[in-house]
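Notes to accompany the following structure.
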Amino acid sequence: MPEAGRLRRAEFAVGAFGSTAFLLSLIWVIDAMRFHHDVLLDGVTGLWTGDVRPVRVLLVALAIFDVVLVARAAFLLVSGIRRQRRFIARLPVRAERELAGRSVCVVGSARAMAFCAGLLRPRIYLSEGALARLRPAELDAIVVHEAHHAARRDPLRILVARAIGSAFGSREQALADLAADAAAARRVGDAPLASALLAFDAEAAGIAAVRVDHLTGDAPRIEVPRALAVAAGAVVCALLGELVWTLAVPGHPAVCIPLSSAPALALLARVLAMAPAWLGLRRATALLRVAPSPEL
């Protein structure tokens, strides 16, 4: 299987898991606030007065989990947007250059740095140290790598993933780097990219071993099956439809997920809805593991 398709399905699986979890929580919160606030209030009041029942405990636990997840995601998303804007505004951009057919902003720094920044219109940034240290072929490899990030708006995707959960964000970041590495390798070859990464590694914390494994072909040949990706995508589409239906239809929808009124069924529905994305997430996580070293 082509590397690009394998990585795209892995990225989709990670994104589908985070999207499914967030949409389930958001739908629950909206449904509870619009149609079942009396049931939720009764559950909280019952626990407060000592009338503890399993259904009430489950109802309140789901409510706390969902409200916290939605509120946390909103806060992290807004704060992340602000941080990104401040970061870009403070960059010491010295000039713009054309490299590998792309416009690159040159940042004043002796360190070797290359990154993509910006949410809706991401741009490529290279430091003066990188320009001085890297050979032309290596520069082309790095620019193509960052251009891949910019074309897919990876800074925005990763910000959203981190807002939903740091674990999703870190996996999205790792897979996005692997996909950008693959794009650069197809364009300029493995050797220039590998040597460029080594040049950056001299000042960085270290190249992730999984990136080296993928460049050398030693990565585990693991993939997210198409059936899992399709199933996870179908669940996300169904939840988006449910969300639009809940917001657009006046009164309580005739067909909906039993949420606040039946927390046990809601929990079961969540488990079933999360299953395809969870299985896909496990496969994607396994793809990010370092291949075991051969025995001597």
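The values are calculated or read from the model by the stated rules, or taken from the named source; none is laboratory data. Here the structure is a predicted model, which is why all the values come from computation and not from measurement. FYI the Cβ positions are ideal-geometry reconstructions off the backbone, even for glycines, and counts take in every protein chain you see. Ligands, DNA and RNA are stripped out before the accessible areas are found, and what is left, the full protein with its side chains, is counted by its heavy atoms. Shrake-Rupley method; radii C 1.70, N 1.55, O 1.52, S 1.80 Å.
General observations
- Considering all C-alpha pairs of segment 1-104, those separated by over 25 Å amount to 54%.
- Placing unit charges on the Cβ atoms of the charged side chains and taking the dipole of the chain about its Cα centre, the candidate lying farthest along the positive direction among Pro225, Leu156, Gln84 is Gln84.
- Counting 0.36 nm for each residue step from Val57 to Asp42 and taking away their Cα separation leaves a gain of 4.3 nm.
- For the chain, the Cβ-based charge dipole about the Cα centre amounts to some 540 debye (Lys, Arg positive; Asp, Glu negative; other atoms uncharged).
- Degrees separating the helix 3-35 axis from the principal Cα axis of the chain, which is the longest one: 30 degrees
- Antiparallel %, DSSP beta bridges [both residues in the chain], to 5: 70 percent
- Accessible area per residue, Å², segment 35-131 with all protein chains present, probe 1.4 Å: 61 Å²
- Protection proxy ranking, highest mean first, for peptides 141-151, 179-189, 96-106: 141-151, 179-189, 96-106, where packing is the per-residue count of other beta-carbon atoms within 10 Å, averaged.
- Prolate/oblate/rounded call for the chain, Cα gyration tensor, a/c under 1.5 rounded: prolate
- Cα shape, segment 27-177, gyration tensor, a/c 1.5 rule: prolate
- Carbon + sulfur, % of accessible area of the chain - ligands and nucleic acids excluded, 1.4 Å: 65 percent
- Label-point separation in nm, Gln173 to Leu120, each point 7 Å along Cα→Cβ: 2.5 nm
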